[in-house]
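To keep things clear, I will list the structure first and then write my remarks on it.
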Amino acid sequence: MQKFKTILSVFIVVGMALSVFAACKGEAEKIDLSDFTMSTGLAENGFFEGVTAKDFVEVPEDISTIIIPKSVHAIDDGQISAEISVAVRNLGAEGLKTRKVKNRPVFKGDNVNIDYVGSVDGVEFERGSTDGEGTDVVAGDTNYIDDFLTQIIGAVPGDTIDVHVTFPDPYQSNTDLSGKDALFVTKINYIEEYTLTDKWVEEKLSEYEMHTVKEVRDYLGGNISQMALDGFVQTYLSTEANISSVPPQILEYQKKSALFSDNKQAAQSGMELDAFVQQNYGVESAAAFLEENASHLEQSARFYLAIQAFAEVHGINVTQDDVNSLFGENSQEQTEYGVAYLAQNVVIEKVFDLILEKATKEK
């Protein structure tokens, strides 16, 4: 689990650089990755070579001055129930009863019963209403138009909310609606929760060493809490830390690391990187991809700089033994990525743990 957390902490940020794709106008220079590895420019302790990060980042010596909002660290029981609904849909609901819940907000993954009336420019359109009969949906699902089912998240049964969407163009089900903006006046009727039993848990989850409902709820609650806390730290480091500037070599590293995997896949396919990126992401070149994602790469660079600064100020260091302990001695990861990159992963984990241990949780 710790190993997963470490890798996740890194790729949450690196992945941001890969999340937005758009065509770029104009020609840009080629990116040379011929000599780049994920450990290029990193020392064996995971720090960027030649960079003293604390010269660029104002790191609080008293970490208790960092405040974790209650909304982050206090997990609503409904969030756990929503995650249970996701698990049950994946594993099968045989033998389980359901109950209608009306006293909590809707969370992503919830089974929700809603009614709606759709209109365009104030005029209701055919087949745009549930006619008061109710329909079952999954909050956050993509089966409805646009982000319809994302907009119901946070509403409470009994609420009537305005859901604004844009129909795709073309919209095959009704071409008259293609590309048009629509309003769906939507009533949240109830949330349908599954009532887990120890028998169901034993049948479905014993291979994961869970045998009771309590164990499932504790496990899911722990996961939700850890993801929320890790997300807070990631956001704090990448957007809220007081950073005067980012050394160019760190930004250059982010650019090359964002393309590292694509470059390997391109080579394995016998393709040039530019052609691979164009084929997979719809941009004209690797350089164009980086240009379009410049702000995300900058945010990623800030994150890594802040991580190193915290490590420097608070005396966090990483040795080969630390890397071996987390990833295994002579592991495939050490061969593929290099010791320095894995050491950087360990630094990230230690900084996250330090901040979450010392920061103040809002009451």
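The values are calculated or read from the model by the stated rules, or taken from the named source; none is laboratory data. Keep in mind that what you see is a predicted model, and the values were worked out from it rather than measured. Quick reminder, even Gly has a Cβ in these numbers, built from the backbone with ideal geometry, and neighbours come from all protein chains shown. With ligands, DNA and RNA removed, areas are computed over all heavy atoms of the protein, side chains included. Shrake-Rupley method; radii C 1.70, N 1.55, O 1.52, S 1.80 Å.
Structure summary
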| item | result |
| --- | --- |
| Qualifying residue in the range 187-207 (condition: in a helix (DSSP H, G or I), among the hydroxyl-bearing types (Ser, Thr, Tyr) and out of contact with any helix residue (DSSP H, G or I) (no Cβ under 7 Å at 6 or more places or on another chain)) | yes |
| All positions within the range 170-186 that are in a helix (DSSP H, G or I) and exposed (fewer than 12 other Cβ atoms within 10 Å of the Cβ) | Thr175, Asp176 |
| Every residue from the range 275-309 that is under 30 Å from Glu44 (Cα atoms), open to solvent by less than 10 Å² (accessible area, probe 1.4 Å) and more than 23 Å from the chain's Cα centre (by Cα) | Ala286, Ala309 |
| Residues being open to solvent by 70 Å² or more (accessible area, probe 1.4 Å) and either closer than 27 Å to Gln151 by Cα or of a type in the set (Phe, Trp, Tyr) (or both) - total across the range 87-97 | 2 |
| Every residue from the range 109-137 that is under 17 Å from Ile161 (Cβ atoms), open to solvent by less than 50 Å² (accessible area, probe 1.4 Å) and either in contact (Cβ under 8 Å) with a residue 24 or more places away in the chain or within 22 Å of the chain's Cα centre (by Cα) (or both) | Asp110, Val112, Asn113, Ile114, Asp115, Tyr116, Gly118, Ser119, Gly128, Gly134, Val137 |
| Among the residues listed as Val318, Val233, the single one being open to solvent by less than 20 Å² (accessible area, probe 1.4 Å) and in a helix (DSSP H, G or I) | Val233 |
| Residue list for the range 208-230, filter: surrounded by 15 or more Cβ atoms within 10 Å (Cβ to Cβ), of a type in the set (A, V, I, L, M) and part of a helix (DSSP H, G or I) | Val213, Val216, Leu220, Ile224, Ala228, Leu229 |
| Boolean, Ala258 is in contact with a Leu (Cβ under 6 Å, 6 or more places away or on another chain), at pLDDT below 95 and open to solvent by less than 10 Å² (accessible area, probe 1.4 Å) | no |
